Amino acid sequence: MAEVRNKQVVLKDYVSGFPKESDMHIIEGTVTLKLPEASSEVLLFKNLYLSCDPYMRILMTEGASSYTPGSPLTGYGVGRVLESGHLDYKKGDLVWGITKWEEYSLVSSDQTLFKIQHTDVPLSYYTGILGMPGMTAYVGFFELCSPKKGEKVFVSAASGAVGQLVGQFAKLAGCYVVGSAGSKEKVDLLKNKLGFDEAFNYKEESDLNAALKRCFPEGIDIYFENVGGKTLDAVLLNMRLHGRISVCGMISQYNLTQPEGVTNLANMIFKRIRMQGFIVSDSYNLYPKFLEFLLPHIREGKVMYVEDIAEGLENGPAALVGLYSGRNFGKQVLVVSRE
């Protein structure tokens with residue numbers, strides 16, 4: 001039985017404030033390419049692609065469901081099955097779901113796992129548009145916000161893994177859509193490639209309330225929330241009657257020791273706003289319906305997806321940390337192996 005090197009990205013200790021590359025380190029061990037004895041319901045993966053996602057910062061903080069210092073990070077990825085103790089999976093199957101930040105992983109089949117049936121699209125898409133971020137955009141926009149043709153939609157962090165899809169879904173639904181992002185290049189991407197009606201660089205706006213009034217003189221029907229803090233406070237002033245807010249993430253707050261307050265919540269009362277947070281894993285039963293909706297649009301070129309590719313596990317810490325300063329351009333993907 002073959003024993004091979006197994007490079008890992010390990011968390012050194014719990015993190016306070018903004019994460020640094022030095023909070024993680026690369027270690028090299030070995031792994032035997034065979035399932036341990038009596039290991040039914042377990043799969044041995046070769047990891048191919050890993051997903052860098054903002055929520056991973058939350059798991060670096062000490063708490064009930066956090067990472068364990070000295071152990072590899074865990075997150076979403078794409079892998080090939082090398083050995084299987086489960087009847088639903090066989091050697092050679094491609095799978096996406098929860099795995100570890102290492103070259104080879106033993107994964108329990110009761111984790112979130114999906115067999116990849118469609119390989120006419122890039123495998124890396126299953127870390128993004130056809131994986132957790134894509135499902136997040138789909139559920140948060142269509143299932144929670146029930147868009148109607150002609151409605152006005154605002155998306156924060158609009159060039160990221162989820163936001164770029166929400167904007168395109170809104171256009172498919174016949175909505176007017178505006179996005180905010182953190183650089184001129186990202187604003188240009190939204191307007192000139194992804195089809196947003198308008199976009200602005202929030203770093204250049206001294207008054208977010210004024211920026212939103214400029215883009216939405218009649219107000220906002222749907223807000224897809226990725227940021228929190230000052231952005232949410234300004235949006236609440238600009239929501240229309242019976243507006244809907246889908247709360248996906250609050251990346252502006254993850255690295256603060258003292259979270260910012262939101263002062264305009266009273267608008268929810270007299271505007272009858274519905275604001276709902278969600279965790280996408282609660283809706284994975286909709287994955288077949290999601291694929292049926294999205295795959296034809298991808299194949300016909302009606303929905304595009306922008307990826308920022310980092311090569312090699314050793315570049316994982318830099319790729320992950322870069323999310324929190326907006327260094328990534330599109331969905332941040334880490335390539336472990338291209339086979």
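The values are calculated or read from the model by the stated rules, or taken from the named source; none is laboratory data. The structure displayed is predicted, hence computed values, not measured ones. When we count neighbours, we look across all protein chains shown, and the Cβ atoms used for this are built from the backbone with ideal geometry, even at glycine. Just the protein is used for accessible areas: all its heavy atoms, side chains included, with ligands, DNA and RNA removed. Shrake-Rupley method; radii C 1.70, N 1.55, O 1.52, S 1.80 Å.
Numbers below:
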item: Condition check for Asn285: within 22 Å of the chain's Cα centre (by Cα) and surrounded by fewer than 16 Cβ atoms within 10 Å (Cβ to Cβ); result: yes
item: Restricting the range 200-242 to residues that are acidic (Asp, Glu) and assigned to a helix (DSSP H, G or I), the residue that is nearest to Val139 (Cα to Cα); result: Asp233
item: Only listed residue being in a strand (DSSP E or B), of a type in the set (S, T, N, Q), open to solvent by less than 20 Å² (accessible area, probe 1.4 Å) and in contact (Cβ under 8 Å) with a residue 60 or more places away in the chain, chosen from Ser180, Ser105, Ser124, Ser159; result: Ser105
item: Hey, Val336 modelled with pLDDT of 95 or more and either on the phi < 0 side of the Ramachandran plot or under 16 Å from the mean Cα position of the chain (by Cα) (or both) or not; result: yes
item: Tally of residues being of a type in the set (D, E, K, R), open to solvent by 20 Å² or more (accessible area, probe 1.4 Å), touching a residue at least 60 places away in the same chain (Cβ under 8 Å) and over 11 Å from Lys271 (Cα atoms) across the range 215-255; result: 1
item: Residues of the range 52-96 satisfying the condition of being closer than 22 Å to Gly160 by Cα, surrounded by 22 or more Cβ atoms within 10 Å (Cβ to Cβ) and out of contact with any helix residue (DSSP H, G or I) (no Cβ under 9 Å at 6 or more places or on another chain); result: none
item: Pro36 more than 18 Å from the chain's Cα centre (by Cα) and surrounded by fewer than 13 Cβ atoms within 10 Å (Cβ to Cβ); result: yes
item: Boolean, Leu189 is open to solvent by less than 20 Å² (accessible area, probe 1.4 Å), out of contact with any strand residue (DSSP E or B) (no Cβ under 7 Å at 6 or more places or on another chain), part of a helix (DSSP H, G or I) and not basic (Lys, Arg); result: yes
